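Report on the structure given below.
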Amino acid sequence: MPVEVMYDDIKIGDTSSISKTITESDVYTFAGLCGDNNPVHVNEEFAKNSLFKTRIAHGFLCGSLLSAIFGTQLPGINTIYLSQEMNFKAPVKFGDTITATAEVLEKDDKKKNIRFKTTLTNQDGTVVIDGFALVKKYEKK
């Protein structure tokens, strides 16, 4: 269930995480939604001869876990996603369990913007994506 953390209750260093095991169905659904049917994602025979030797998940599929954090956990409801920097560090294979974590780095009290360090790791602790995000916390007056 989505929550709402009020801007004034958010502190530097606060973190929130979400985990998901990436399935074949997730990858095919994402490919259909976004139109990226690159065979490295959807064709095992092709992928066997690729750099990764098997199919891999779309980076943005994994990165979208961050949207779930911001929209449902921290800050949660009434959050506007302003920007995201993602650095792709390692492939995500089908069956990998990805944990996305967002840590509060800075707050802009005038604009009610919050800057996060974002990190996605697999079940082995390998960083697969890192970067930074900026969100705006909207609160009714």
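The values are calculated or read from the model by the stated rules, or taken from the named source; none is laboratory data. As the structure is a prediction and not an experimental result, all values here were calculated from the model. For neighbour counting, all protein chains shown are included, and Cβ atoms are generated from backbone atoms with ideal geometry for every residue, glycine included.
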Residues located in the range 8-23, provided they are surrounded by 11 or more Cβ atoms within 10 Å (Cβ to Cβ), touching a residue at least 40 places away in the same chain (Cβ under 8 Å) and not hydrophobic (A, V, I, L, M, F, W, C): ASP14, THR15, SER16, SER17, SER19, LYS20, THR21, THR23
Taking GLY13, is it closer than 19 Å to ARG115 by Cβ and part of a loop (DSSP other than H, G, I, E, B)? yes
Do we have any residue at all in the range 25-36 that's in contact with a helix residue (DSSP H, G or I) (Cβ under 8 Å, 6 or more places away or on another chain) and touching a residue at least 60 places away in the same chain (Cβ under 8 Å)? yes
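Condition check ((1) touching a Ser or Thr at 6+ places or on another chain (Cβ under 7 Å); (2) under 15 Å from VAL104 (Cα atoms); (3) surrounded by 13 or more Cβ atoms within 10 Å (Cβ to Cβ); (4) at pLDDT below 95) across all residues:
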site: MET6; (1), (2), (3), (4): no, yes, no, no
site: SER25; (1), (2), (3), (4): no, no, no, no
site: TYR28; (1), (2), (3), (4): no, no, yes, no
site: CYS34; (1), (2), (3), (4): no, no, no, no
site: ILE56; (1), (2), (3), (4): no, no, yes, no
site: CYS62; (1), (2), (3), (4): no, no, yes, no
site: PHE70; (1), (2), (3), (4): yes, yes, yes, no
Is there a residue being touching a helix residue (DSSP H, G or I) at 6+ places or on another chain (Cβ under 6 Å), of a type in the set (S, T, N, Q) and without any contact (Cβ under 8 Å) to a residue 24 or more places away in the chain anywhere in the range 51-59? no
Residues that are over 23 Å from ASP124 (Cα atoms) and surrounded by 13 or more Cβ atoms within 10 Å (Cβ to Cβ), drawn from the range 40-54: VAL42, ASN43, PHE46
SER83 versus (1) among the small types (Gly, Ala, Ser); (2) under 27 Å from TYR7 (Cα atoms); (3) surrounded by 15 or more Cβ atoms within 10 Å (Cβ to Cβ): which is the lone unmet condition? (3)
Go through (1) closer than 15 Å to THR118 by Cα; (2) not in a helix (DSSP H, G or I) and name the single condition SER50 misses. (1)
Note on the range 60-79: residues outside any loop (DSSP other than H, G, I, E, B) and in contact (Cβ under 8 Å) with a residue 60 or more places away in the chain are CYS62, GLY63, LEU66, PHE70, GLY71, THR72, GLY76
Filter the range 1-28 down to the residues that are over 17 Å from the mean Cα position of the chain (by Cα) and within 16 Å of SER64 (Cα to Cα) and list them by number. SER25, TYR28
